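Following: one structure in structure tokens, then a few remarks.
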Amino acid sequence: NRPLKLQFGLINHEGRYLTAESFGFKVQTCHSVIVGVLELHKLWAVHLALHPQANLFSVARKRYAHLSKEDGEIAVDVNIPWGVASLLTLVYLDGKYCIKTCDSRFLSNDGKLLTESGRATAYTLELKLGKLAFKDCEGKYLSPMGPTGTLRSGRCSKPGKDELFDLEESNPQVVLMAANGRYVSIRQGVSLAANQEDETDMETFQMEIDKETRKCTFRTSQGNYWALVAHGGIQSTATEVSANTMFSVEWLGQKVALKANNGKYVCIKKNGQLLAVSDTTGEDEQLTLKLINRPMLILRGENGFICHHKNSNTLDASRSVYDIFTLEFSNGAYHIKGVDGRSWYVNSSGLVCSDGEVPEDFSLELLEHGRLAIRGKNGKYLRGDQGGTLKGDGHSLSSSALWEY
């Protein structure tokens, strides 16, 4: 994957952003302000203007970071960022960032994972040659250490190659269940078949949606792609993207159907084999798609992030800060919960509320590169209105109903 383009804002010690005037693009800062900042040794804090969930790539080791539950650490030792363990969330707090794992723990500068954030889990972001470095509270920098690349602070007080990282987009990874109750897998070889009862790397596929056509490729943990072959067969043999590796995804409520490049729908035969030979979508052509690498959900729309409203049970959709929600899969649908464990629901006025005792079913549609849509049980899309409130009354797809995740 290509490194993410690092766009950011600069915040001074008073919590104000450095801005440019709309006329002439002059910087809204005067000499006296700069001198004042220097006299206090107060520096500008970097606030990244991108979605805070990403994969972390070590420039020196050329490996990705992931949660190693066995060792209780973040290890930098995998070639491909696979599964939920490779998802890291950057949490912005008071001008610094914490690194949060998929099980909601924070990386301390000694390499340990803590359930609460604090001084030892806060890092100042520094940019060097387009790369990121993480400086801890003692002025030292995170780097991979030892044979497994344990991520912790070393002895360096200046960032070198070992201390530099790229952020890369975390593509959606999914498992697919057929009508026979089995998961689509590559465990039996190159031919795709729905014949497994459990979820492993062999049953997990990365969806990569083309920005132009909105068609999708399915990539395996070995780096190969699903491909249409002779007689409608589907095999994981392709090493490059081509017309025969592209599939159209049709969202059918809590199910999906896949159409291959031959214009036929993918169906599941009695032996579990996947073949693109159907003209219509019946039970054998419908799959349950489960998104597995977003247990912590952060949503950003065209006007900002989704966040709890301070004084009510509704949700704002235009904030510069975000709340982290829990996404739970439930038989083809999803439940969305806040930190208090209460659930989202759409009330009779079309407002999305966050204090539900009983979870409401929502459907996710991964429609564009990096963006999804959410439907309530009323069949309508969740959208941000002009006042910045999240509503569940969208009759059709629009830019206000697409969410970066």
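Pairing each residue of region 134-159 that is touching a residue at least 60 places away in the same chain (Cβ under 8 Å) and among the hydrophobic types (A, V, I, L, M, F, W, C) with any residue that is surrounded by fewer than 22 Cβ atoms within 10 Å (Cβ to Cβ) and outside any loop (DSSP other than H, G, I, E, B), provided the two are 6+ apart or on different chains, yields no C-beta distance under 6 Å.
Of the listed requirements (1) within 24 Å of Arg371 (Cα to Cα); (2) open to solvent by less than 10 Å² (accessible area, probe 1.4 Å); (3) without any contact (Cβ under 8 Å) to a residue 40 or more places away in the chain, Met207 misses just one: (3). Looking only at residues in region 291-316 that are assigned to a strand (DSSP E or B) and among the β-branched types (Val, Ile, Thr), the one that is farthest from the chain's Cα centre (by Cα) is Thr314. Of all the listed residues (Ala60, Ala65), the sole one being closer than 24 Å to Phe8 by Cβ and either assigned to a loop (DSSP other than H, G, I, E, B) or open to solvent by 50 Å² or more (accessible area, probe 1.4 Å) (or both) is Ala60. When region 123-133 is filtered for residues that are open to solvent by less than 20 Å² (accessible area, probe 1.4 Å) and either under 22 Å from Leu297 (Cα atoms) or in contact (Cβ under 8 Å) with a residue 40 or more places away in the chain (or both), the ones remaining, listed by number, are Leu125, Leu132. Restricting Lys269, Lys310, Lys259, Lys290 to those that are modelled with pLDDT under 95 and either within 25 Å of His369 (Cα to Cα) or not polar (S, T, N, Q) (or both) reduces the list to Lys310.
Suppose the filter is open to solvent by 10 Å² or more (accessible area, probe 1.4 Å) and within 24 Å of Asn293 (Cβ to Cβ); does Thr150 pass it? Yes; evaluated as a whole, the condition is true for this residue. On the basis of being surrounded by 21 or more Cβ atoms within 10 Å (Cβ to Cβ), of a type outside the set (A, V, I, L, M) and more than 20 Å from Asp110 (Cβ to Cβ), does Asn55 make the cut? The answer is yes for Asn55. Only residues that are in contact (Cβ under 8 Å) with a residue 40 or more places away in the chain, over 17 Å from the mean Cα position of the chain (by Cα) and open to solvent by 10 Å² or more (accessible area, probe 1.4 Å) were counted in region 69-96, giving 6. Evaluate the following for Phe325: is it more than 18 Å from Val256 (Cα to Cα), open to solvent by less than 10 Å² (accessible area, probe 1.4 Å) and within 19 Å of the chain's Cα centre (by Cα)? Taking the combined requirement at face value, the residue satisfies it. Strands (runs of 3 or more DSSP E) wholly in region 224-290 with at least 2 residues that are open to solvent by less than 20 Å² (accessible area, probe 1.4 Å) - which ones? Result: 225-228, 234-238, 255-259, 265-268, 274-278.
Between a first residue in region 271-285 that is on the phi > 0 side of the Ramachandran plot and a second residue that is open to solvent by 80 Å² or more (accessible area, probe 1.4 Å), which pairs have beta carbons less than 8 Å apart while being 6 or more apart in sequence or on different chains? Here the result reads Gly272/Arg182, each pair linking region 271-285 to a residue that is open to solvent by 80 Å² or more (accessible area, probe 1.4 Å).
Scanning region 163-187 for residues being free of Cβ contacts under 8 Å to residues at least 60 places away in the same chain, in a loop (DSSP other than H, G, I, E, B) and in contact with a helix residue (DSSP H, G or I) (Cβ under 9 Å, 6 or more places away or on another chain) gives a total of 2. A search for C-beta distances below 7 Å between a residue of region 325-351 that is basic (Lys, Arg) and any residue that is open to solvent by 20 Å² or more (accessible area, probe 1.4 Å) and part of a strand (DSSP E or B), counting only pairs 6+ apart in sequence or on different chains, returns Lys337/Thr326; Lys337/Glu328; Arg342/Asp355.
Would you mind listing the strands (runs of 3 or more DSSP E) fully within region 326-405 where at least 2 residues are in contact with a Lys or Arg (Cβ under 9 Å, 6 or more places away or on another chain) and farther than 26 Å from Thr89 by Cβ?
In region 326-405, 390-394 are the strands (runs of 3 or more DSSP E) which contain 2 or more residues that are in contact with a Lys or Arg (Cβ under 9 Å, 6 or more places away or on another chain) and farther than 26 Å from Thr89 by Cβ.
In region 172-204, the qualifying residues are those that are under 22 Å from the mean Cα position of the chain (by Cα) and crowded, with 19+ Cβ neighbours inside 10 Å, and the one that is nearest to Arg2 (Cα to Cα) is Pro172. Filtered by the rule that a residue be touching a residue at least 24 places away in the same chain (Cβ under 8 Å) and farther than 19 Å from Gly338 by Cβ, region 386-405 gives Asp393, Leu397, Ser399, Ser400, Ala401, Leu402, Glu404.
The values are calculated or read from the model by the stated rules, or taken from the named source; none is laboratory data. Just so it is clear, the model here is predicted, and its values are computed rather than measured. Neighbour counts are summed over all protein chains in view; Cβ atoms, including those assigned to glycine, are modelled from backbone coordinates with ideal geometry. Side chains are part of the model used for accessible areas, which takes the heavy atoms of the whole protein and leaves out ligands, DNA and RNA. Shrake-Rupley method; radii C 1.70, N 1.55, O 1.52, S 1.80 Å.
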